[in-house]
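Novice: This is the structure I want to talk about, given as structure tokens.
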Amino acid sequence: MSTHTDRTSSTEATADRSYTPAPERQSERKFVDIRIKRRDRPGAEQRWEDFSVPYRPNLNIISCLMDIQKNPVTKDGAKTTPVVWDMNCLEQVCGICTMIVNGKVRQSCSALVDQLLKEKDPITLEPMTKFPNVRDLAVDRSRMFEHLKQVKAWIEIDGTHDLGAGPKMTQDEVAERYAYSRCMTCGCCLEACPQYDEDQYIGPQAIAQVRYQNMHPSGKMTRDERLEGIMGDDGITNCGNAQNCVRVCPMSIPLTKAIYEENRETILHGLFGWLKR
Amino acid sequence: MLRKLHQLSGIVPLGAFLLEHLYTNSKAAHPERGVADFNQAVADLQAIPYVLFIEITFIFIPLLYHAVYGLFITWETRPNNLSYPYPRNWFYTIQRITGIILFFFILFHLLNFRFGLIPGLNERAVAHYPNEAYEIVSREFQMLPILIIYIIGIASTVWHFANGIWLFLVDWGIVIGERAQRVTGYACIGFGVLLYVLWINVTFAFLRPGGLLGGLLY
Ligand code: SF4
Ligand code: SF4
Ligand code: FES
């Protein structure tokens with residue numbers, strides 16, 4: 001904290017410092033080095049490329065990528081193609097910008113350079129590995145939406161006429177459902193799950209949505225159909241309890257709770273369901 | 001379905017048998033009567049009516065199923081412990097590693113003691129020679145490599161079983177909440193440690209009367 005005394009001499013610097021997570025770095029650093037794993041087109045070989053972008057305090061990964069897009073030149077000065085990535089909300093709500101930053105899956109819009117540099121320098125960016133890689137950092141996550149269809153992650157309504165007020169829910173249920181409702185289908189949980197790979201396992205994201213809809217008083221009516229959606233070969237039994245999903249979920253969704261609640265529901269359904277037919 | 005049966009088979013009958021096995025072995029831990037008690041226990045087991053049928057239905061078939069399907073499950077895994085070094089993730093991977101160790105360890109153990117089919121090491125099945133049971137085991141444990149194999153094998157067994165109980169409880173939707181899982185986790189660790197101590201003690205009972213604890217508890 002030696003810079004602390006130097007800086008208090010000017011009021012401007014004092015104001016500036018309050019916004020800067022790492023004031024001691026700011027004075028020295030001019031550039032941020034970033035290694036990006038690139039792929040030119042689907043099916044092409046992946047390769048690493050190094051970039052260096054001008055440092056500013058409070059940079060996030062997306063702003064670095066924008067800098068590269070404006071001036072697509074590698075660290076050695078060679079001209080290259082602009083890096084492709086996805087983004088939308090820029091506030092960790094849509095989930096589309098998810099990628100592997102410094103070896104861990106997270107949203108690049110909320111990944112702050114000052115913190116990342118403490119983990120690793122140069123910072124590394126890779127596309128998610130559990131989804132088809134379209135180009136550079138962009139992946140195709142439509143699989144997750146197929147899974148939502150597979151488990152019927154919606155509530156059926158039988159017409160457009162007024163159904164009146166819905167059934168009441170307790171505050172506790174509302175709070176729990178709210179947690180599941182925050183899922184933004186980003187895929188972090190699937191990326192970190194050691195059991196998830198292509199279509200061998202439906203994964204925690206869809207299971208949490210089963211829990212979400214099954215808790216709803218109207219959703220309960222089609223509960224069994226949803227349970228059957230997660231009872232196939234790719235179903236809930238493939239979970240190996242590594243519990244990585246719940247650790248990496250950026251929305252802090254209680255994924256393992258959903259899995260275990262659904263374990264109970266599917267077991268009861270599996271044991272006694274056939275007796276109803 | 002297959003997966004659920006796999007989890008269940010690990011608890012009953014395999015886990016239950018494991019405890020029975022410990023019980024029988026522990027007869028050898030008595031400082032004075034250990035040898036006679038153990039041999040008698042082996043003879044008693046052999047005297048169970050339809051013993052072969054019971055062994056095949058409740059031990060060999062579930063064991064084969066658990067082992068083969070377990071390897072199949074392990075085949076599907078994509079471990080990522082270095083990127084996501086959380087304790088549960090390590091438990092996950094270790095459960096699979098101990099599973100593989102156990103596959104070979106139990107194969108060896110069965111061929112060796114149950115069937116006496118390892119030429120040059122042991123050709124007398126403990127089960128078929130109850131009078132010599134203690135002696136056969138003792139002779140082998142005096143060989144350091146065999147003893148080490150057993151110490152590692154037993155550690156893997158106990159780990160796999162203790163963590164397996166936890167996995168069963170959560171996979172069958174019995175223990176759901178985070179706190180409940182943590183408490184159950186500690187209980188399983190405690191149980192595992194206890195099992196390991198008992199088992200190592202009785203293993204050494206084949207080398208010196210009373211085992212490691214020297215018959216302290218008698
Ligand atoms: S559950 Fe969490 S990690 Fe998984 S897709 Fe939804 S928001 Fe992302
Ligand atoms: S708890 Fe299950 S779903 Fe979550 S990461 Fe582990 S194996 Fe995957
Ligand atoms: S752009 Fe929407 S979460 Fe990052």
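The values are calculated or read from the model by the stated rules, or taken from the named source; none is laboratory data. Please read all numbers here as calculations on a predicted model, not as lab measurements. In this analysis, Cβ positions are derived from the backbone assuming ideal geometry, glycine residues included, and neighbour counts consider all displayed protein chains.
Novice: For the range B:154-191, enumerate the residues that are in contact with a Gly (Cβ under 8 Å, 6 or more places away or on another chain) and of a type in the set (Val, Ile, Thr).
Specialist: B:Val158, B:Ile165
Novice: Do you know which residues across the range B:179-217 are more than 15 Å from B:Val35 (Cα to Cα) and part of a loop (DSSP other than H, G, I, E, B)?
Specialist: Within the range B:179-217, B:Leu212, B:Leu213, B:Leu216, B:Leu217 meet the criteria.
Novice: Being in contact (Cβ under 8 Å) with a residue 40 or more places away in the chain, within 14 Å of chain A (Cβ to nearest Cβ) and among the acidic types (Asp, Glu), is that true of even one residue in the range B:177-186?
Specialist: No, every residue in the range B:177-186 fails to be in contact (Cβ under 8 Å) with a residue 40 or more places away in the chain, within 14 Å of chain A (Cβ to nearest Cβ) and among the acidic types (Asp, Glu).
Novice: Can you tell me how many residues within the range A:237-252 are more than 9 Å from ligand 2 (Cβ to nearest atom) and out of contact with any Gly (no Cβ under 9 Å at 6 or more places or on another chain)?
Specialist: Number satisfying all stated conditions: 3.
Novice: Then there is this: Identify all residues within the range A:132-175 that are over 20 Å from the mean Cα position of the chain (by Cα) and polar (S, T, N, Q); write none if there are none.
Specialist: A:Gln150, A:Thr160, A:Thr170, A:Gln171
Novice: I would also like to ask the following. Looking at B:Ile56, is it closer than 21 Å to A:Tyr201 by Cβ and either of a type in the set (Val, Ile, Thr) or buried (at least 18 other Cβ atoms within 10 Å of the Cβ) (or both)?
Specialist: So B:Ile56 fails the test.
Novice: For the range A:232-266, which positions are more than 21 Å from A:Asp199 (Cα to Cα) and aliphatic (A, V, I, L, M)?
Specialist: Those that are more than 21 Å from A:Asp199 (Cα to Cα) and aliphatic (A, V, I, L, M): A:Met251, A:Ile253.
Novice: Considering every residue within the range A:141-160, establish whether at least one is at pLDDT 95 or above, buried (at least 18 other Cβ atoms within 10 Å of the Cβ), under 30 Å from A:Pro57 (Cβ atoms) and within 15 Å of ligand 1 (Cβ to nearest atom).
Specialist: No, the conditions are met nowhere in the range A:141-160.
Novice: Restricting to the range A:176-213, name every residue that is assigned to a helix (DSSP H, G or I), more than 14 Å from ligand 2 (Cβ to nearest atom) and under 17 Å from the mean Cα position of the chain (by Cα).
Specialist: A:Ala179, A:Tyr180, A:Ser181, listed by residue number.
Novice: List the helices (runs of 4 or more DSSP H) inside the range A:217-277, counting only whole elements, that have at least 1 residues being away from chain B (no Cβ under 12 Å). Please lay out each step first, then the result.
Specialist: Values: elements: A:223-229, A:244-248, A:255-272.
In the range A:217-277, A:223-229, A:255-272 are the helices (runs of 4 or more DSSP H) which contain 1 or more residues that are away from chain B (no Cβ under 12 Å).
Novice: Given the residues B:Asn131, B:Asn163, which is the only one that is among the polar types (S, T, N, Q), away from every other protein chain (no Cβ under 14 Å) and part of a helix (DSSP H, G or I)?
Specialist: Going through B:Asn131, B:Asn163 in turn, just one is among the polar types (S, T, N, Q), away from every other protein chain (no Cβ under 14 Å) and part of a helix (DSSP H, G or I): B:Asn131.
Novice: Return the residue satisfying two criteria in turn: it lies in the range A:182-230 and is among the acidic types (Asp, Glu) and surrounded by fewer than 22 Cβ atoms within 10 Å (Cβ to Cβ), and of such residues it is nearest to A:Arg247 (Cα to Cα). Explain how you work it out, then say what you get.
Specialist: Let us first name the residues in the range A:182-230 that are among the acidic types (Asp, Glu), namely A:191, A:197-199, A:224-225, A:228.
If we keep only those that are surrounded by fewer than 22 Cβ atoms within 10 Å (Cβ to Cβ) too, we end up with A:197-199, A:224-225, A:228.
Values: A:Asp197: 18, A:Glu198: 21, A:Asp199: 22, A:Asp224: 29, A:Glu225: 29, A:Glu228: 27 Å.
By that ranking, first place goes to A:Asp197.
Novice: Can you name every residue in the range A:214-244 that is farther than 18 Å from B:Gly173 by Cα and under 21 Å from the mean Cα position of the chain (by Cα)?
Specialist: Across the range A:214-244, the qualifying residue is only A:Asn244.
Novice: So, one more: Check the range B:111-128 and report whether any residue there is under 18 Å from the mean Cα position of the chain (by Cα), within 14 Å of another protein chain (Cβ to nearest Cβ), part of a helix (DSSP H, G or I) and polar (S, T, N, Q).
Specialist: The answer is no, given that none of the residues of the range B:111-128 is under 18 Å from the mean Cα position of the chain (by Cα), within 14 Å of another protein chain (Cβ to nearest Cβ), part of a helix (DSSP H, G or I) and polar (S, T, N, Q).
Novice: Within 13 Å of ligand 3 (Cβ to nearest atom), over 18 Å from A:Ser52 (Cβ atoms) and within 14 Å of chain B (Cβ to nearest Cβ) - does that describe any residue in the range A:131-139? Lay out the reasoning, then the answer.
Specialist: Narrowing the range A:131-139 to residues within 13 Å of ligand 3 (Cβ to nearest atom): A:137-138.
Narrowing further to those that are over 18 Å from A:Ser52 (Cβ atoms): A:138.
Next, from what is left, pick out any that are within 14 Å of chain B (Cβ to nearest Cβ): none.
Within the range A:131-139, none of the residues are within 13 Å of ligand 3 (Cβ to nearest atom), over 18 Å from A:Ser52 (Cβ atoms) and within 14 Å of chain B (Cβ to nearest Cβ).
Novice: Given the conditions (1) within 11 Å of ligand 3 (Cβ to nearest atom); (2) part of a loop (DSSP other than H, G, I, E, B); (3) hydrophobic (A, V, I, L, M, F, W, C); (4) touching a residue at least 24 places away in the same chain (Cβ under 8 Å), report the number of the one that A:Cys89 does not fulfil.
Specialist: (4)
Novice: Keeping to the range A:102-126, report how many residues are within 16 Å of ligand 1 (Cβ to nearest atom), under 20 Å from A:Gln46 (Cβ atoms) and either in a loop (DSSP other than H, G, I, E, B) or modelled with pLDDT under 95 (or both).
Specialist: Within the range A:102-126, residues that are within 16 Å of ligand 1 (Cβ to nearest atom), under 20 Å from A:Gln46 (Cβ atoms) and either in a loop (DSSP other than H, G, I, E, B) or modelled with pLDDT under 95 (or both) number 1.
Novice: Where in the range B:1-110 are there helices (runs of 4 or more DSSP H), lying fully within it, with 1 or more residues that are at negative phi and free of Cβ contacts under 8 Å to residues at least 40 places away in the same chain?
Specialist: Result: B:16-26, B:34-46, B:51-55, B:61-76, B:87-109.
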